[in-house]
Amino acid sequence: LVLVISMLFLTLLLLFLALFPGAFNCCMRISDEIPKRILQRVETFEIQKADGLCHLEAVILYIEGRKFCVSPRIRKVKKWMKKNKHKIHRKNPHVRKQKRTK
């Protein structure tokens, strides 16, 4: 019986992961402060919306393979994002959008 329950749980977990791949990439907590020296080292960033699986608005900063979640309301982060739009993380950077044809 324990084996059957374990297999059922594992199957449901794998199904959940297949259907919602981003579920475990959400920021669960955000910082309301960030040192300027950290912002200067950011390689890319992305914006997490509070919809779907992620229930918190956040700016995700990537530095040397590490992820930092900060509030999008921090004034210096807003200013930094405007200045560094070229660093925004794209999901598929090598896929070009096709032009619409009439």
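The values are calculated or read from the model by the stated rules, or taken from the named source; none is laboratory data. These numbers come from a predicted model, not from an experiment. Virtual Cβ from ideal backbone geometry, glycine too; neighbours counted across all protein chains shown.
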Restricting the range 43-82 to residues that are part of a helix (DSSP H, G or I) and touching a residue at least 12 places away in the same chain (Cβ under 8 Å), which is surrounded by the fewest Cβ atoms within 10 Å (Cβ to Cβ)? Lys76
Among (1) modelled with pLDDT under 85; (2) over 17 Å from the mean Cα position of the chain (by Cα); (3) not acidic (Asp, Glu), where does Phe24 come up short? (2)
Considering only the range 24-42, how many residues are part of a loop (DSSP other than H, G, I, E, B) and of a type in the set (A, V, I, L, M)? 4
Would you point out the residue of the range 33-42, among those that are touching a residue at least 24 places away in the same chain (Cβ under 8 Å) and of a type outside the set (Val, Ile, Thr), that is nearest to His89 (Cα to Cα)? Leu39
